[in-house]
Amino acid sequence: MAIEKFYEVLPTEGQVVEHLVILSHGYGADGKDLLALAEQWGPSLPTTAFISVEAPEACDQMPFGRQWYSLRHWSLEAMYEGADSVREMFQSFVKEQIGRFNLSLSDVVLVGFSQGTMVSLHAGLRFDEKIGGILGFSGLLPGAQKIADELVSKPDVCLVHGQDDEVVSAQFSAEAAHYLTEAGVEVAFTIVPNLGHGIDSTGLMIGKTFLEKCFQ
């Protein structure tokens, strides 16, 4: 299994790519789902390329969309096993993309939504070199309680979650922030009032600020 499809928004002609954002969508969406983030953040990051990845599997509980791994069995252990099953594939894809642009892992920020956050956190904390950062919306950290024993590198992490999320409880991001901080990772965590399972203007602003900090 491999990542075969992605969409990209590159800097304007003449601009050299100096940084890379890898966007990973949620369960049941597709590679185009997070492209709007590139439109929002791109103008203030003129030398950044945005790569929006399409998950490798057809969604097994919907007649449309893609999945990083099955969610037929919703348990924390299943989340961990699923994220781990695609970790090497995801890491290989990221390394291929930095090779395209002659960058290093420190020039990369992973951005995920929901299941894409799970994959981004699981893979991003296990690169053999420190990446530029991880920005996760409305997700969770698979195997949060054992991250201190499995952590390979410590990139800065930013987590944003809607207080009224009806799909993935905001408590999961709070738990992720707690265990990552205990493991020595610098974490910024925001709960957005009156927000469900999504990204609003507050999240967009937090994300923009985080990317600018990572790439400064």
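The values are calculated or read from the model by the stated rules, or taken from the named source; none is laboratory data. Keep in mind it's a predicted model, so treat the numbers as computed, not measured. Neighbour counts are summed over all protein chains in view; Cβ atoms, including those assigned to glycine, are modelled from backbone coordinates with ideal geometry. Just the protein is used for accessible areas: all its heavy atoms, side chains included, with ligands, DNA and RNA removed. Shrake-Rupley method; radii C 1.70, N 1.55, O 1.52, S 1.80 Å.
Miscellaneous remarks
- Residue, nearest to residue 199 (Cα to Cα), within the stretch 141-162, restricted to residues that are of a type outside the set (Gly, Ala, Ser) and out of contact with any helix residue (DSSP H, G or I) (no Cβ under 8 Å at 6 or more places or on another chain): 154
- Residue match in the stretch 14-32 (condition: under 21 Å from residue 138 (Cβ atoms), surrounded by fewer than 17 Cβ atoms within 10 Å (Cβ to Cβ) and without any contact (Cβ under 8 Å) to a residue 24 or more places away in the chain): no
- In the stretch 166-175 there is at least one residue that is part of a loop (DSSP other than H, G, I, E, B), closer than 26 Å to residue 28 by Cβ and either polar (S, T, N, Q) or touching a Cys at 6+ places or on another chain (Cβ under 6 Å) (or both).
- Among residues of the stretch 161-173, those that are of a type in the set (A, V, I, L, M) and either under 18 Å from residue 151 (Cα atoms) or open to solvent by 60 Å² or more (accessible area, probe 1.4 Å) (or both), counted: 1
- The test for being of a type in the set (S, T, N, Q) and without any contact (Cβ under 8 Å) to a residue 24 or more places away in the chain holds for residue 85.
- Within the stretch 145-158, considering residues that are without any contact (Cβ under 8 Å) to a residue 40 or more places away in the chain and buried (at least 20 other Cβ atoms within 10 Å of the Cβ), the one farthest from residue 108 (Cα to Cα): 147
- Among the residues listed as 198, 184, the single one being assigned to a loop (DSSP other than H, G, I, E, B), in contact (Cβ under 8 Å) with a residue 24 or more places away in the chain and within 20 Å of residue 127 (Cβ to Cβ): 184
- Filter result (closer than 17 Å to residue 7 by Cα, in contact with a Gly (Cβ under 8 Å, 6 or more places away or on another chain) and not small (Gly, Ala, Ser)) within the stretch 46-63: 48, 50, 53, 54
- Members of the stretch 175-213 that are open to solvent by less than 30 Å² (accessible area, probe 1.4 Å) and within 17 Å of the chain's Cα centre (by Cα): 176, 177, 180, 185, 198, 203, 207, 210, 211
- Residues located in the stretch 33-55, provided they are open to solvent by 50 Å² or more (accessible area, probe 1.4 Å) and either touching a Phe, Trp or Tyr at 6+ places or on another chain (Cβ under 8 Å) or under 19 Å from residue 118 (Cβ atoms) (or both): 33
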